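Before any comments, here is the structure.
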Amino acid sequence: MNKSQNPTHNVLLGVTGGIAAYKSPEIIRRLQELGITVRVVMTESAEKFIGEVTLQAISGHPVYKDIFSSDDRVMEHIDLARWADKILIAPCSADFIAKLTHGFADNLLSTLCLAAECPIFLAPAMNQAMWHNLATQDNVEKLKSRGVEFLGPAAGNQACGEVGYGRLLEINQLLDEFCNTEKLLSGKKVLITAGPTQEALDPVRYITNHSSGKMGYALAQQAQRAGAEVTLVSGPVHLPTPNQVNIVNVISAKQMYDAVMENAEQADIFIAAAAVADYSPVDIAEQKIKKSQSELNLELKKNPDILSEVSSMDNRPFCIGFAAETENLETNAKEKLTRKKLEMIIANRVGQNESGEYKGFNSDQNKVHIFTPMGSHELPEMKKSILAKQLVELIALTYEKAYEKKHTT
Ligand code: C5P
């Protein structure tokens, strides 16, 4: 890695209490070698493991410790948060992870993390049992879902004599991951549909399905984190908009079709994760339909197949579909892959289980089978946020290979 590859100029290094704090001077020195200015904030417990004077001498700047410093700079946390291009907390203790998860602002470092708008990276270092504790793991999951990046921890011998995950990542690897700004989807435009659509019958009723939108939203967040410029065309859902994603809210399949068509030509990759209603009423009653008749027949017309329309475009993006199936998963998924002319289809089983829950559609977990024209493989059941990360990596690599092939033949 050389200086010119690195657009980060100002790094705020947070040092929390842990034996690995003795490695902080080396981290500062190595960042400086990349042309980066480092300012250090240490917590009270960090002082038990490393001296302020050492960090001050190596960074060449005063070390910040108090929310209210002795001079007049009472807004220090805001100033520091604005100054930093990135915040790196190494080593990061279990306690600090917990503070950050719950939004505490009881010391300078936690306060400025709350005020910061720049990316935050945590390099955890702790006893392996503390790392594996469900409380820590829940906190880590929550932070990841908010966009906080984790570097490590690594596995190996620990200062406490135990062996396992919890060591500070080896410094070369830590810095490689921290400084590597070239992400898998850098410069790529990704268009994603998510959620159900609602097809109005009259002013108060509609036809819809059980899609929660969670898979599409998780994919949008992960694609954004992988460096893509993401446009998310979303049906009606109850989910917060993913960070730094352009959102287009729609209700009906026709509106989703229009929004997708407006963005499809500019897109490099199109991921159709929405559960689009296949049919909509031929006529929408102007007034609420009365329950006077003993039978009511609805006349429905087929909605446009958005994915097929996009994959038939001349200047089409790389197209990925989803297949939510209640039966014959493999046959149906493969048939859709061919018929809709897709590069990949991600299939999962849906339907009600014995407890009446909707598997796949409304849950936080998903188990999928991936089919491409080259072959297939299955991923085990996992959280949708983790699955989305793996799918985005797979999509990026498959896209890259297809793109390379196109340019070498
Ligand atoms: O044909 P089926 O609905 O099972 O296909 C599922 C895939 O096609 C999903 O990726 C879904 O988002 C997409 N689709 C679409 N427009 C429709 C119906 C499905 O884009 N009208």
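Derivation of every value follows stated rules applied to the coordinates shown; laboratory data play no part. Every value quoted in this text rests on a predicted model; they were computed, and no experiment measured them. Here Cβ is always computed from backbone atoms with ideal geometry, including for glycine, and neighbour counts include all displayed protein chains.
Some notes on this structure:
- Under the criterion of Cα pairs below 8 Å and six or more residues apart, the relative contact order for the chain equals 10 percent.
- Extension gain, W83 to K367: 0.36 nm times the residue separation minus the Cα-Cα distance gives 98.0 nm.
- Above-threshold pairs, the threshold being 29 Å between Cα atoms, out of K86/K401; K214/K302; K144/K336; K189/K341; K142/K341: K86/K401; K144/K336; K142/K341
- About its Cα centre, the dipole of the chain is roughly 420 debye, where the only charges are +1 on Lys and Arg Cβ and -1 on Asp and Glu Cβ.
- Summing Lys and Arg as +1 and Asp and Glu as -1 over all other residues whose Cβ lies under 10 Å from the Cβ of C319 gives a net charge of +2.
- Local electrostatic count, N107, Cβ distance below 11 Å [Lys/Arg +1, Asp/Glu -1]: -2
- In this structure, the amide hydrogen of C92, modeled 1.01 Å from its nitrogen in the peptide plane, lies closer than 5 angstrom to those of A123, A125, counting only residues at least 5 positions away or on a different chain.
- Proxy reagent accessibility, fewest Cβ within 10 Å first, across H9, H377: H377, H9
- Working from label points 7 Å from Cα in the Cα-to-Cβ sense, the Q244 to K142 distance is 2.3 nm.
- Along the axis of the charge dipole computed for the stretch 3-179 (Cβ charges of +1 for Lys and Arg, -1 for Asp and Glu, origin at the Cα centre), the listed residues I89, L134, L175 are led at the positive end by L175.
- Around the amide H of A228, modelled in the peptide plane, lie the amide H atoms of L185, all under 5 Å away and 5 or more residues distant in sequence or on another chain.
- S376, S280 arranged by Cβ crowding within 10 Å, fewest neighbours leading: S376, S280
- Prolate/oblate/rounded call for the stretch 3-179, Cα gyration tensor, a/c under 1.5 rounded: rounded
- Principal-axis tilt of helix 384-408 within the chain, Cα atoms, nearest 10 degrees: 80
- What separates the Cα centres of the stretch 104-141 and the stretch 35-55 is a distance of 17 Å.
- The magnitude of the dipole of the stretch 254-316, with charges of +1 and -1 set on the Cβ of Lys/Arg and Asp/Glu and taken from the Cα centre, is near 420 debye.
- Angle in degrees between helix 329-339 and the longest Cα principal axis of the chain, rounded to the nearest 10: 80
- Backbone HN-Hα couplings from phi across the stretch 363-376 [Karplus 6.51/-1.76/1.60, Hz, Gly and Pro as x]: 8, 8, 10, 7, 10, 10, 10, 10, 10, 10, x, 8, x, 8
- Using a Förster distance of 22 Å, the FRET efficiency for E33-N10 (Cβ separation, nearest 0.05): 0.90
- Approximating the spin labels as points 7 Å out from Cα along Cα→Cβ, the D106-to-E26 distance works out to 3.2 nm.
- Gaussian network model of the chain, springs between alpha carbon atoms under 10 Å - residue of K65, K288, K144 with greatest fluctuation: K288
- Karplus (6.51, -1.76, 1.60) ³J(HN,Hα), θ = phi - 60°, over the stretch 227-241, in Hz, Gly and Pro reported as x: x, 7, 8, 10, 10, 10, 9, 10, x, x, 9, 10, 10, x, 5
- From phi via Karplus (6.51, -1.76, 1.60), per-residue ³J(HN,Hα) for the stretch 279-284 in Hz, x at Gly/Pro: 10, 9, x, 4, 10, 9
- Modelled spin labels at E177 and E149, positioned 7 Å past Cα toward Cβ, are 1.0 nm from each other.
- Taking the Cα centre of the stretch 189-406 as reference, the dipole from Cβ charges on Lys and Arg (+1) and Asp and Glu (-1) amounts to some 240 debye.
- The stretch 209-245 and the stretch 265-334: distance between their alpha carbon centers, rounded to Å: 19
- Long-range amide H partners of A323 with built H, under 5 Å: I346, A347, N348
- Full-stretch length increase - K254, E327 - with 0.36 nm per residue and alpha-carbon distance subtracted: 23.5 nm
- Axis angle, to the nearest 10 degrees, between helix 134-145 and the longest C-alpha principal axis of the chain: 70 degrees.
- With neighbour counts taken as other beta-carbon atoms within 10 Å, the residues E295, E52 rank, fewest first, as E295, E52.
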